[in-house]
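Presented below is the structure to which this report refers.
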Amino acid sequence: MKYMSIIETIRQRRSVRSYTGEALRSEHVALIVDYIAGLEAPFGANVRIQPVHAAIEDSNPIKLGTYGWIGGAKDYLALIYEEAPLAEEGAAYLFEQLVLYCTGLGLGTCWLGGSFSRKDFGQQVKLKPDEKLKIVSPVGYASDKKRFVETYIVGAEKNHRTRKPFGANFFYGDFSTPLTEAAAGIYALPLEMVRLAPSANNKQSWRVTLDGDSLHFYQTFSYGFSAIDIGIALCHFGETCRETGITGHFETLDAPREKDATYTISWIKD
Ligand SMILES: Cc1cc2nc3c(=O)[nH]c(=O)nc-3n(C[C@H](O)[C@H](O)[C@H](O)COP(=O)(O)O)c2cc1C
């Protein structure tokens, strides 16, 4: 198996909504199960990821409520966590690690916050009363066929895939001065990886300020998936730092407050 760097993998990942209909081959199932077993969620989050098979036999599909949005997927991954401060961010961080691992294996995935039945999946994963299930993803072999939703609803897939420019989300000091890649220094590449992160409805509502050699992460407005979106962004940032040898850690600080934004966490250089 060819090793793909996290940076290549982030650049390559895209949401896949059409699959060939082939169930995951046993070698892929084994690799995914092993990878999940080795993951540890950051920020003390209590997380489990549960594989869900959409059909025991083709003639006997189970109800999952993804019909119309996702075509031909036989396998899903469900993200389950217990509510606590930063648990959603930690769960999203972990799930994105898995999504990127699957991308590296050549498999398609798609973060789904809507477009599926929580009740149906909840039954499949035997959701406990203290557990939350907000996200699932299909996992399988991408098909070239475009879904109706991709062409007409998610539409202009182009729009869904475009990202805001670097200086629109990243700032120097406070939100009044856009950060340039040159001024970002060693953080230019990890922040570029944040820029490419997937987010619900492609909202890209994360904001980051550079403060000396620390960074503060914010969300510009809250909605149902903003904590998840920022967790994905933190994964791209943290894993790129790890791969490129930038040492540091995440910590909740009494960081500068910014107008119209909620502070999440900071990155402190070690
Ligand atoms: C938290 C979250 C929830 C999402 N929910 C859905 C969904 O319900 N249906 C869907 O088709 N895409 C969903 N997406 C995929 C986004 O639309 C997609 O990531 C974004 O448009 C960027 O495109 P890309 O993933 O191809 O880079 C979701 C993404 C995230 C991060």
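With respect to PRO178, determine if the residue is in contact with a strand residue (DSSP E or B) (Cβ under 9 Å, 6 or more places away or on another chain) and surrounded by fewer than 17 Cβ atoms within 10 Å (Cβ to Cβ). Spelling it out, PRO178 is indeed in contact with a strand residue (DSSP E or B) (Cβ under 9 Å, 6 or more places away or on another chain) and surrounded by fewer than 17 Cβ atoms within 10 Å (Cβ to Cβ).
Looking only at residues in region 194-215 that are more than 16 Å from the ligand (Cβ to nearest atom) and among the charged types (D, E, K, R), the one that is surrounded by the fewest Cβ atoms within 10 Å (Cβ to Cβ) is ASP213.
Checked against (1) at pLDDT 95 or above; (2) more than 14 Å from the ligand (Cβ to nearest atom); (3) acidic (Asp, Glu), GLU57 passes all but a single condition, namely (1).
Selection of first residues in region 35-46 that are more than 14 Å from VAL99 (Cα to Cα) and of second residues that are assigned to a loop (DSSP other than H, G, I, E, B), restricted to Cβ pairs under 6 Å at least 6 apart or on distinct chains, gives the following pairs, ordered by first then second residue: PHE43/LEU86. Filtered by the rule that a residue be surrounded by 18 or more Cβ atoms within 10 Å (Cβ to Cβ), outside any loop (DSSP other than H, G, I, E, B) and either within 16 Å of the ligand (Cβ to nearest atom) or among the aromatic types (Phe, Trp, Tyr) (or both), region 10-51 gives ILE10, SER15, SER18, TYR19, VAL47, ILE49.
Conditions (1) touching a residue at least 12 places away in the same chain (Cβ under 8 Å); (2) within 22 Å of THR9 (Cα to Cα); (3) surrounded by fewer than 16 Cβ atoms within 10 Å (Cβ to Cβ), marked per residue:
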{"position": "LYS164", "(1), (2), (3)": "yes, yes, yes"}
{"position": "GLU192", "(1), (2), (3)": "yes, yes, no"}
{"position": "ALA227", "(1), (2), (3)": "yes, no, no"}
{"position": "THR247", "(1), (2), (3)": "yes, yes, yes"}
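Residues of region 103-126 that are in a strand (DSSP E or B) and under 22 Å from GLU27 (Cα atoms): GLY108, THR109. I'd like to know if region 177-193 contains one or more residues that are under 25 Å from GLY113 (Cα atoms), within 16 Å of the chain's Cα centre (by Cα), within 16 Å of the ligand (Cβ to nearest atom) and not assigned by TED's automatic domain parsing to the domain that holds GLN12. Within region 177-193, one or more residues are under 25 Å from GLY113 (Cα atoms), within 16 Å of the chain's Cα centre (by Cα), within 16 Å of the ligand (Cβ to nearest atom) and not assigned by TED's automatic domain parsing to the domain that holds GLN12. In region 112-162, the residue that is modelled with the lowest pLDDT out of those that are of a type in the set (S, T, N, Q), surrounded by 14 or more Cβ atoms within 10 Å (Cβ to Cβ) and within 10 Å of the ligand (Cβ to nearest atom) is SER115.
The values are calculated or read from the model by the stated rules, or taken from the named source; none is laboratory data. A quick note: this is a predicted structure, and the numbers were derived from the prediction, not measured. All Cβ positions, glycine included, derive from the backbone under ideal geometry; neighbour counts span all protein chains shown.
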